[in-house]
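Quick notes on the structure that follows.
Read-outs throughout are calculated quantities, based only on the coordinates presented, and are distinct from any laboratory measurement. Because the structure is a prediction, the values reported are computed rather than measured. Cβ coordinates were reconstructed from backbone atoms using ideal geometry, including for glycine residues, and neighbour counts include every protein chain displayed.
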Amino acid sequence: MMKVLPTVALALGMLCATQTLADWSTLEGTRRIEVNGYPVTYQETGSGEPLVLVHGSLNDYRIWYAQVPEFAKKYLVITMSLRHYFPEKWDGKGDDFSVSQHAGDVAALIKQLGLGKVHLLGHSRGGAVVLMVAKTHPELIRTLVLEDASGMEALLPDTPESRKMASETKELVGGLRRNLADGNVEKAAQEFTDGLGGPGTWAKRSQAQRQILLDNMGTGVDSGERGNITCADIAKLDFPVLTLTGERSPKRYAEAFAEAHRCNTAVPAPIVIPNAAHAMNRENPEAFNKVVLEFLSEH
């Protein structure tokens, strides 16, 4: 069971008042459906083949604002908030916050909405989630799009460079938790964002973009578990896969994609989105959308 330090819980309590599920308001343009005993908030836009977008850490369904209008011109776009993300004001308590749980929720949502096979896109931690869906429910996937996907850390060879990358990731998550424990909520968001996107990234974020992170700081107690996808798991992928990384993204993502290609040559080298870092779908949406739409149109 995940344990939360009292100081972390206090910091989260300072950020937002605890709410019960019944207190959540239905946000304009969203729907809610009970999935595995949890009320998942999602948005459905457009028509055509279903395309499901899965957000990463400290984000929610709103993060795809630059994708939905374009993708919905040709596809039925489903954006969802994973369990315990906005609009829930989570206090960090409980044992149902994991990649496996979130993957089970995504699969159940696809089934309950009767979507059949879907195009499934995951960003960062959401990449680990969709990889787990691919592992456990391959029958649900038409294509898989991995945007700086986590979850493949176990593929990296044990080298000084890989150990350094692992240490950097551990420190990034550790710094987030320390800042939350100290009650430094905005500092936690800033350092986490700058750690992924480079110094000054937080300063460039709009207030709306910052608010999305601040609304999800309760999920910052994430244990760091990413599902540990193996080479054997990658070798079994038998549907089209697209991999993406930002020009300034942390190098560990490209390294993991390279290892995935060695496990399954059908997993291509990543397309690099120029003038962008980890949050490439927001930092260069024109290039990102173009690459994704071209891939989907071919499959």
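Run the numbers on the chain and let me know its relative contact order in percent, using alpha-carbon pairs under 8 Å that are six or more apart.
With pairs under 8 Å counted, the relative contact order is 20 percent.
Report the residue, chosen from 101, 190, 207, that carries the largest GNM mean-square fluctuation when the chain is represented by alpha-carbon nodes joined by springs under 10 Å.
Answer for the Gaussian network model of the chain: 207.
Counting DSSP beta bridges in the chain, what percent are antiparallel, to the nearest 5?
That works out to approximately 30 percent antiparallel.
Just to be sure I understand: if I project the alpha-carbon convex hull of the chain onto a plane and average over all orientations, what area do I get in nm²?
14.2
What 222 nm value per residue comes from the helices of the chain, counting each DSSP H run with n ≥ 4 as -39,500 (n - 2.57) and dividing by all residues, nearest 500 deg cm²/dmol?
-12500 deg cm²/dmol
So what does the Cα-only Debye profile of the stretch 150-299 read at q = 0.09, 0.13, 0.20, 0.21 Å⁻¹, as log10 I(q)/I(0), no solvent term?
-0.33, -0.69, -1.35, -1.39
Given points 7 Å out from each Cα along the Cα-Cβ axis, report the residue 208 to residue 271 separation in nanometres with one decimal.
2.5
Taking Rh as the Kirkwood radius computed over C-alpha pairs, what is the Stokes-Einstein D of the stretch 25-150 at 20 °C in a medium of viscosity 1.002 mPa s, expressed in µm² per second?
The estimated diffusion coefficient comes to 150 µm²/s.
So what's the Cα pair-distance distribution over the stretch 101-167, bin width 5 Å, in %?
Computed distribution, short to long bins: 4, 17, 25, 21, 13, 9, 7, 4, 2, 0.
Once the Cβ-Cβ distance between residue 163 and residue 136 is put in as r, and R0 is 25 Å, what FRET efficiency do you end up with, to the nearest 0.05?
0.25
Can you tell me the relative contact order of the stretch 86-149? Whole percent, Cα pairs under 8 Å, sequence separation 6 or more.
Relative contact order for the stretch 86-149 comes out at 35 percent.
Hey, fewest Cβ within 10 Å first, where do 32, 163 land in order?
With the fewest neighbours first, 32, 163 line up as 163, 32.
Relative contact order for the stretch 164-227: what percent, with Cα pairs under 8 Å and sequence separation of 6 or more?
That works out to 33 percent.
Identify the trypsin sites (Lys or Arg not before Pro) of the stretch 201-299 meeting these criteria: DSSP loop state and at most 16 other C-beta atoms within 10 Å of the C-beta.
Listed in order of number, the matching sites are 236.
Starting with the fewest neighbours, write out 231, 263 ranked by other beta-carbon atoms found within 10 Å of each beta-carbon.
231, 263
For the stretch 98-103, in order, what is each residue's ³J(HN,Hα) by Karplus, 6.51 cos²θ - 1.76 cosθ + 1.60 with θ = phi - 60°, in whole Hz (x at glycine and Pro)?
Coupling constants for the stretch 98-103: 7, 4, 4, 4, 5, 5 Hz.
What does the extension gain come out to for residue 239 and residue 251, with contour length at 0.36 nm per residue minus their alpha carbon separation?
So the extension gain works out to 1.8 nm.
Report the trypsin sites (Lys or Arg not before Pro) located in the stretch 61-123 that are in a DSSP loop and have at most 13 other Cβ atoms inside 10 Å of their Cβ, or state none.
73
With the calculation restricted to Cα positions, what are the radius of gyration and Dmax of the stretch 50-117 in angstrom?
So, for the stretch 50-117, Rg and Dmax equal 12.9, 40 Å respectively.
Please work out how much length the chain gains when fully extended from residue 178 to residue 117, using 0.36 nm per residue of separation minus the C-alpha to C-alpha distance, in nm with one decimal.
Net length gain for the segment: 17.8 nm.
Which residues' amide hydrogens lie under 5 Å from the amide hydrogen of residue 248, considering only partners 5 or more residues apart or on another chain, with H built in the peptide plane?
Counting only residues 5 or more places away or on other chains, the set is 276, 277.
For the stretch 270-280, in order, what is each residue's ³J(HN,Hα) by Karplus, 6.51 cos²θ - 1.76 cosθ + 1.60 with θ = phi - 60°, in whole Hz (x at glycine and Pro)?
3J(HN,Hα) across the stretch 270-280, in whole Hz: x, 7, 8, 7, x, 6, 8, 10, 4, 8, 4.
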